[in-house]
Amino acid sequence: MQDAPVVALIGAIAHPVLIVDGTGVVAAANPAARELFGAGVANTQIRAYLRQPDAAAMLERVLTGGAEGSATFVAHGASRETVWRVLARRAGVETIVLSFTDISDIEAAEAQRRDFVANVSHELRSPLTVLAGFIETLQGPAGADPSTRAEFLQIMAEQCARMSGLVGDLLTLSRVEAAERIRPRNPVSIDMVLQATLAALRPQIEAARLAVEYDVPADLPEIPGDYDQLVQVFHNLIENGVKYGAGGGRLEIVAKTLPAVPGFDGPVLHVAIRDFGEGIDPIYIPRLTERFYRIDKARSRDSGGTGLGLAIVKHILSRHRGKLQIRSAPGEGASFAALLPVA
């Protein structure tokens, strides 16, 4: 089995392949397999490499007469783990072919899906539990007390609004992800987007007693975009600034054109929303755009947050071939900047 044609054949295969004899000794390995298991894998016992329970059990079944089998094998590298799907097939009485397919991305997507379902279930379970408890209470003697009934109904209305906001954000995120590969091309004025957003958020801004410092030149170039989605981006960013920067007394909105930015071809529109609140420890910044991630969960829920706002912002900016830049430090407020290509 070590003859030249076989070695040349498996050598042309991109993913790792091993030829194993009936006793489990590796008769041949292609370059990808040698990279995975080491240059000395040939003429060694494959059992020494496939020690993980599922892979080892599958290997024994095939070595003792099974026609084929498959299992998952996790390789631990210096910087990451790689998940492989191992497929073993008998190619003769004393010959077994082992092939390895990298399924790390599939496993990561599945883990993300499980986490997403678990997070959604948790986010909905809490208000539903509150509603069920109050409904049960109102169905009893307490329901006859007008003040108690009014208080409970107010709380129930808030919980319904929370669930409605969560469902709305989930639908928005789904729509954005579905169209993420299609870049919008309609010309959009960022000044118009920001003015419309500020008008919608004016009551919240006034209630927080924030002074808005608006520095957006009238001659900014239009950018290719989706007007409604860009309104959503800046609505989320400005609303976050209002919620978490109220103690700072002011909110800065600054837009400018940058001639060159690493990662972009051509000029870029830089629109920054800066608050002067408590700020964020930089260790949390990389995770802020994860779905349902909150630094202070109780505070976020109390302010009506769903934990999806910045995830929506990231996906919309990605659709526009842009980026979100976050800068903050404790006691210095936070700056959330949208970088959007002008062309």
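The values are calculated or read from the model by the stated rules, or taken from the named source; none is laboratory data. Every value quoted in this text rests on a predicted model; they were computed, and no experiment measured them. Counting neighbours? That spans all protein chains shown, and the Cβs are built from the backbone with ideal geometry, glycine included.
I want to confirm something. Restricting to the stretch 88-130 and keeping residues that are assigned to a strand (DSSP E or B) and polar (S, T, N, Q), which single residue is modelled with the lowest pLDDT? Please lay out each step first, then the result.
Our first condition is that a residue be assigned to a strand (DSSP E or B); within the stretch 88-130, this holds for 88-92, 95-102.
Imposing the further condition that a residue be polar (S, T, N, Q) reduces the set to 95, 99, 101.
Working: Thr95: 89, Ser99: 95, Thr101: 94.
Here the residue is Thr95.
Return yes when Gly92 is over 17 Å from Ile103 (Cα atoms) and in contact (Cβ under 8 Å) with a residue 12 or more places away in the chain and no when it is not. Let's see the steps before the verdict.
On the way: over 17 Å from Ile103 (Cα atoms): yes; in contact (Cβ under 8 Å) with a residue 12 or more places away in the chain: no.
In short, no.
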Exercise. With respect to Gln159, is the statement that it is at pLDDT below 85, polar (S, T, N, Q) and either touching a helix residue (DSSP H, G or I) at 6+ places or on another chain (Cβ under 8 Å) or closer than 30 Å to Ala55 by Cα (or both) true?
Worked result: no
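Out of Lys314, Lys256, report the one residue that is farther than 22 Å from Leu220 by Cβ, at pLDDT 90 or above and either part of a helix (DSSP H, G or I) or in contact with a strand residue (DSSP E or B) (Cβ under 7 Å, 6 or more places away or on another chain) (or both). Spell out the reasoning first.
Values: Lys256 fails: farther than 22 Å from Leu220 by Cβ.
Of Lys314, Lys256, the one residue that is farther than 22 Å from Leu220 by Cβ, at pLDDT 90 or above and either part of a helix (DSSP H, G or I) or in contact with a strand residue (DSSP E or B) (Cβ under 7 Å, 6 or more places away or on another chain) (or both) is Lys314.
If only one of Glu81, Glu35 is under 20 Å from Ile106 (Cα atoms) and among the acidic types (Asp, Glu), which one is it?
Glu81
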Problem set entry | Residues located in the stretch 84-137, provided they are out of contact with any Lys or Arg (no Cβ under 9 Å at 6 or more places or on another chain) and more than 28 Å from Leu170 (Cβ to Cβ) | Trp84, Arg85, Val86, Leu87, Arg89, Arg90, Ala91, Gly92, Val93, Glu94, Thr95, Thr137
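Conditions tested, residue by residue: (1) of a type outside the set (Lys, Arg); (2) surrounded by fewer than 16 Cβ atoms within 10 Å (Cβ to Cβ); (3) over 17 Å from Gly225 (Cβ atoms); (4) assigned by TED's automatic domain parsing to the domain that holds Leu170.
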{"residue": "Asn236", "(1), (2), (3), (4)": "yes, no, no, no"}
{"residue": "Lys243", "(1), (2), (3), (4)": "no, no, yes, no"}
{"residue": "Pro282", "(1), (2), (3), (4)": "yes, yes, yes, no"}
{"residue": "Ala334", "(1), (2), (3), (4)": "yes, no, yes, no"}
For this session: For residues that are surrounded by 13 or more Cβ atoms within 10 Å (Cβ to Cβ) and among the acidic types (Asp, Glu), scanning just the stretch 86-120, find the one that is nearest to Ala33 (Cα to Cα).
Result: Asp102
